[in-house]
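K.L.:
Would you mind keeping the following structure in view while I ask a few things?
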Amino acid sequence: MMVATKSIKFLVVFVLALTSFSAFAQDDTVGNNLIDSPDEIQAYIAHHLKDSHDFHLYTNNETGVHYGFPLPVMVWTSNGLKAFMSSAFQHDDNGTIIVDKDNTKLVKYHSKIYELEANATALSFDDANHPTNASKVLDFSITKSVFGMLLTGLLMLLAFGGLARGYKKGKIIPKGFSRILEPLVIYVRDEIARPNIGEKKYRKFMGFLLTVFFFIWILNMLGLTPLGFNVTGQIAVTACLAIFTMVIYMVSGTKDFWAHTLWMPGVPYVLRPILAVIELVGFILIKPFSLLLRLFANITAGHFIVMSLVALMITLKASFGPIASTGMSLVLALFIMFIEILVAFLQAFIFTMLSSLFIGMAVEEHDEH
């Protein structure tokens, strides 16, 4: 218990230290820096849905100063590894601020970091707005999404560490936060793993199913906070989770499963190669694609709807006035936020359920097809 208390105190101090505000000055502020047109609102929502190298919390419209906190930037350039804080870019995303690190010139353009050529003094573009005098670098930075995943992993480690220590000590009734975790663990075991994988083999996959369920759920809940996480709305993240599931059920597939997949019994021999191709495409491409796309699309759509409803206070101000438009926006956004809390759990449940179903299909002993 003492160890858990110290760990929680350390986590609180760690988060507070990282969330200390710092101001990012931006020299190229245009006009009053207000986002008040449909095009600007659409661009702002698109920017929010993307990953970023820092947290942007608030902008002073009068001074053009951005408030938030930076994250570490680590890139591999032609001159080796370069590391610095993202505040060096001064919140610039247009490629105008040049960061010089040991004669290596770096700029950030549309959330991607480029290395300028040696003799370049500014970023130049072609007709399609692609940089012509710079090249992309290998980016290993701690972006907002990476920070969210690390934070989620740390929270899970602390929470389940406490639950495991309680079980190890022989406690029948968990204490503290473990009382909330235990029913959820039992739910995943009895309602997801056992029915889909089977009584004999479900224990082998419980670690993965619990991890992916709580990992997605916590990330979805973090996405509803003002910090603006959209980790499960990044298709690279959902693709990795889907690939993990695919690798597990492909590797765990029994001989019976592969025999039925590659040479299906009970059908004419002429059709068996065709059915084998269809089955392989289903297990290798279609099933993982359905997993990654469902999670990505639902979470991204949820964020888009919430921010669009918040923007109603701006787009409808001319028609209904500031009070009515703000009230309408607040009520609708608050309603959708409650729906999003349900969706956060539902998407974690669906991903885990389908993963267990695919695993169960692979490890099941078939008597006949």
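K.L.:
Does segment 72-141 classify as rounded, prolate or oblate by the C-alpha gyration tensor (a ≥ b ≥ c root eigenvalues; a/c under 1.5 gives rounded; else a/b over b/c gives prolate, otherwise oblate)?
P.N.:
It is prolate, given that a/c is not under 1.5 and a/b is the larger ratio.
K.L.:
Okay, moving on. Please say if segment 154-233 is rounded, prolate or oblate, where rounded means a/c under 1.5 for a ≥ b ≥ c the square roots of the C-alpha gyration tensor eigenvalues, and otherwise the choice is prolate for a/b larger than b/c and oblate otherwise? Could the numbers behind the result be given before it?
P.N.:
Values: a/c = 2.46, a/b = 1.27, b/c = 1.94.
In terms of gyration-tensor shape, oblate.
K.L.:
Would you tally the net charge around residue 201, using a Cβ to Cβ cut-off of less than 14 Å, leaving residue 201 out, and scoring K and R as +1, D and E as -1?
P.N.:
Every neighbour counted, the sum reads +1.
K.L.:
Determine how large the accessible area of residue 244 is when every protein chain is in place; take a 1.4 Å probe and give Å² rounded to the nearest 10.
P.N.:
About 120 Å², ignoring ligands and nucleic acids.
K.L.:
Relative to the longest principal Cα axis of the chain, at what angle does helix 322-363 sit, 0 to 90 degrees, rounded to 10?
P.N.:
30
K.L.:
Now, a different point. On a 0 to 90° scale, report how tilted helix 235-251 is relative to the longest principal axis of the chain, with both axes built from alpha carbons and the result rounded to the nearest 10.
P.N.:
20
K.L.:
Quick one: order 260, 110 from most to least accessible surface, probe 1.4 Å.
P.N.:
110, 260
K.L.:
How do 101, 168 stack up against each other in accessible area, from largest to smallest, with a 1.4 angstrom probe?
P.N.:
Largest accessible area first, the list is 168, 101.
K.L.:
How many angstrom lie between the C-alpha centres of segment 84-104 and segment 272-319?
P.N.:
So the separation of the two Cα centres works out to 34 Å.
K.L.:
Compute the Cα gyration tensor for segment 146-362, then decide on rounded, prolate or oblate, letting a ≥ b ≥ c be the square roots of its eigenvalues: rounded whenever a/c is under 1.5, prolate when a/b is larger than b/c in the other cases, and oblate in all that remain.
P.N.:
Oblate.
K.L.:
Here is a further query. About the Cα centre, and with charges only on the beta carbon of Lys, Arg (+1) and Asp, Glu (-1), how big is the dipole of segment 146-362? Nearest 20 debye, please.
P.N.:
Dipole about the Cα centre, nearest 20: 760 debye.
K.L.:
As a test question: what accessible area, to the nearest 10 Å², does residue 308 have when a 1.4 Å probe is rolled over all protein chains in place?
P.N.:
40
K.L.:
Still on this structure, I have one more. Run the simple label-point estimate for residue 276 and residue 57 please: 7 Å along Cα→C-beta, distance reported in nm.
P.N.:
With each label point 7 Å from Cα toward Cβ, the separation is 6.0 nm.
K.L.:
May I pose another question? Which is farthest toward the positive dipole end of the chain among 223, 120, 346, measuring Cα position about the Cα centre, with Cβ charges +1 (Lys, Arg) and -1 (Asp, Glu)?
P.N.:
346
K.L.:
With a 1.4 Å probe and all protein chains kept in place, how do 202, 109, 269 rank by accessible area, largest first? Present the calculation step by step, with values, prior to reporting the outcome.
P.N.:
Details: 202 5, 109 25, 269 155 Å².
Ranked from most to least accessible, the order is 269, 109, 202.
K.L.:
Where does helix 144-168 land angle-wise versus the long Cα axis of the chain, in degrees 0 to 90, nearest 10?
P.N.:
40
K.L.:
Still on this model: Report, by chain and number, residues whose modeled amide H sits under 5 Å from the one on residue 113, excluding near sequence neighbours (fewer than 5 apart, same chain).
P.N.:
Sorted by chain and number, the residues that satisfy this are 137.
K.L.:
Per-residue accessible area for residue 50 at 1.4 Å probe radius, Å² rounded to 10?
P.N.:
110
K.L.:
State, to one decimal in nm, how far the label point of residue 186 lies from the label point of residue 335, with both points 7 Å from Cα in the Cβ direction.
P.N.:
Reported label-point gap for residue 186 and residue 335 is 3.7 nm.
K.L.:
Of the accessible area of segment 72-141, with the probe set at 1.4 angstrom, what percent is carbon plus sulfur?
P.N.:
50
K.L.:
Could you compute the FRET efficiency for residue 319 and residue 136, with r as their C-beta to C-beta distance and R0 at 41 Å, rounded to 0.05?
P.N.:
On the way: r = 44 Å, r/R0 = 1.08.
In this case the efficiency is close to 0.40.
K.L.:
With a probe of 1.4 Å, find how much accessible area segment 137-182 has per residue, and write the answer as a whole number in Å². Before the final figure, lay out each step's value.
P.N.:
Numbers: 2760 Å² over 46 residues.
Per residue, segment 137-182 has 60 Å² of solvent-accessible surface.
The values are calculated or read from the model by the stated rules, or taken from the named source; none is laboratory data. None of these values were measured; they are calculated from a predicted model. Note that we place each Cβ from the backbone using ideal geometry, even for glycine, and neighbour counts take in every protein chain shown. When the accessible area is computed, the model is the full protein with side chains, heavy atoms only, and any ligands, DNA or RNA have been set aside. Shrake-Rupley method; radii C 1.70, N 1.55, O 1.52, S 1.80 Å.
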